[in-house]
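See below for the structure under consideration.
The values are calculated or read from the model by the stated rules, or taken from the named source; none is laboratory data. Predicted model, so just to flag it, every value in this text is computed and none were measured. Please note: Cβ atoms are built from the backbone with ideal geometry, for glycine as well, and neighbour counts cover all protein chains shown. SASA here: full protein model, heavy atoms, side chains in, ligands and nucleic acids out. Shrake-Rupley method; radii C 1.70, N 1.55, O 1.52, S 1.80 Å.
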Amino acid sequence: ADIISTVEFNHTGELLATGDKGGRVVIFQREQESKNQPHRRGEYNVYSTFQSHEPEFDYLKSLEIEEKINKIRWLPQQNAAYFLLSTNDKTVKLWKVSERDKRPEGYNLKDEDGRLRDPSMITVLRVPVLRPMDLMVEATPRRVFANAHTYHINSISVNSDYETYMSADDLRINLWNFEITNQSFNIVDIKPANMEERTEVITAAECHPHHCNTFVYSSSKGTIRLCDMRAAALCDRHAKFFEEPEDPSNRSFFSEIISSISDVKFSHSGRYIMTRDYLTVKVWDLNMENRPIETYQVHDYLRSKLCSLYENDCIFDKFECVWNGSDSVIMTGSYNNFFRMFDRNTKRDVTLEASRENSKPRAILKPRKVCVGGKRRKDEISVDSLDFSKKILHTAWHPSENIIAVAATNNLYIFQDKVN
């Protein structure tokens, strides 16, 4: 139940939310800098924990709906409270997280315990007053957006107008208004009349960071479609179609499976989109549809292991990818608790490991290397000894600083740039 299933920084980076398989959301808050402990700045401590979703049962379809949190998305902060969206397979909820440090006292009709007083005993009129109390963080559900998805929700994305958001499942994408819970607008529907003819499913979707009329979605066929809501109400016809032609010499039984895109992300600038498939991360320029401008090999040494990865179902793992705040570095996960970083400017890349052994406070991570066959150097690890049960699927990057959050099964690691 405590396996982390999503990680997300808020827009300032002061809060970090994680969702897990047990339907819980845990929010961490960054420590404020103090004069006597300046190095503590950057530490994240638990701020609030609440149960977002409960297991349910769909009696019409005789299906269990698990409570696992698939995605969390923050809304930009407008006042003292924080708002976030969380979703499981079927239901999206809008949560308000607020602080209370005062409580009203001195009611006329009830005593301090909340019990009603005998009206005949009330002889004076009292004015209630606010008294200071210990800080309490409350999470309250403000909206529940349900009953709109036949298939499992894989993505939610807040639009740049901050009035609407998008939710996507395998065959449909819906557009919601934050104020309206009982109806959504279906903007993409790729369900064929005959389900036997289905050739692809939607794997991820995201709104453009600046233009509220534009969004992208990726498919299990390795394609990305950019849609413009100004062109038509139903965006079944895309504005742009991004696909890299497959090299026939690389064709194999696994080609279709490993070309399926597991994550798609707009750059902060809105100029590029990044996609993650099983073996690579690709960066696409919105102005060039025929091929990506950059391709990074995440773990090419697994190409020879696809057969065993298919047998143990690892080939269907869905890795996510993230940009740093300036869109210059890309991060994504791998197996053996490894995660990879690619610098787009210098073309340098590094493999780092998130593990209990090297997670002492202020320990410096050593780059790791994987060797394929032949002689193994002292600091290398053989591809045959990788642990495929330890996988980093979910990562997040602070919006403006070099602080990253990496979820390794039920552990959350937070690393930051070394400050001299």
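For region 235-241, backbone phi angles converted through the Karplus equation (6.51, -1.76, 1.60; θ = phi - 60°) give residue-by-residue couplings of 8, 5, 9, 7, 8, 9, 9 Hz, Gly and Pro being listed as x. Scoring 211-221, 61-71 by mean Cβ neighbours within 10 Å over their residues and listing the highest first yields 211-221, 61-71.
In a DSSP loop and with at most 10 other Cβ atoms within 10 Å, the trypsin sites (Lys or Arg not before Pro) in region 311-420 are K347, R348, R356, R362, K375, R377, K378, K418. For L75, neighbours were defined as the other residues whose beta-carbon sits under 12 Å from its Cβ, and their charges (Lys and Arg +1, Asp and Glu -1) total +1. Counting only heavy atoms of the protein chains and using a 1.4 Å probe, E311 has close to 140 Å² of accessible surface. Note on D89: accessible area approximately 20 square angstrom, rounded to 10, probe 1.4 Å, nucleic acids and ligands left out. With every protein chain in place, what's the accessible area of E320 (1.4 Å probe, Å², nearest 10)? About 20 Å², ignoring ligands and nucleic acids. Highest mobility in the GNM of the chain, judged by mean-square fluctuation with C-alpha springs under 10 Å and restricted to N159, N177, N250, is found for N250. Among the trypsin sites (Lys or Arg not before Pro) in region 72-122, those located in a DSSP loop and surrounded by at most 14 other Cβ atoms within 10 Å of their own Cβ are R115, R117.
When only the Cβ of Lys, Arg, Asp and Glu is charged (+1, +1, -1, -1), the dipole of region 102-143 relative to its Cα centre reaches about 260 debye.
The sum of -39500 (n - 2.57) across all DSSP H runs of n ≥ 4, divided by the residue count of the chain, sets its helix-only mean residue ellipticity at 222 nm to -500 deg cm²/dmol. When cysteine pairs in the chain are screened for C-beta atoms closer than 4.7 angstrom, the residues that find no partner are C207, C212, C307, C314, C321, C371.
I'd like the chymotrypsin sites (Phe, Trp or Tyr not before Pro) in region 45-142 restricted to DSSP loop residues with at most 16 other Cβ atoms within 10 Å, sorted by number. The qualifying sites are Y59, Y107. Measuring against 21 Å, Cα to Cα, the residue pairs K282/K318; K318/K391; K318/K390; K71/K391; K305/K366; K61/K191 contain K305/K366 as the ones spanning a longer distance. Considering only P76, L130, I156, the residue lying farthest towards the positive end of the dipole of region 75-163 is L130, judged by Cα position with unit charges set on Cβ. With a cut-off of 8 Å between alpha carbons and a minimum separation of six or more residues, what is the relative contact order of the chain in percent? Relative contact order of the chain: 10 percent. Using alpha carbons only, how many angstrom separate the centre of region 293-349 from the centre of region 53-70? Comparing the Cα centres of region 293-349 and region 53-70, I get a distance of 32 Å. Here the chain is assigned +1 on the Cβ of each Lys and Arg and -1 on the Cβ of each Asp and Glu. Its dipole about the Cα centre then comes out at about 1140 debye. Charge tally around V137: other residues with Cβ under 9 Å, Lys/Arg +1 each, Asp/Glu -1 each, net -1.
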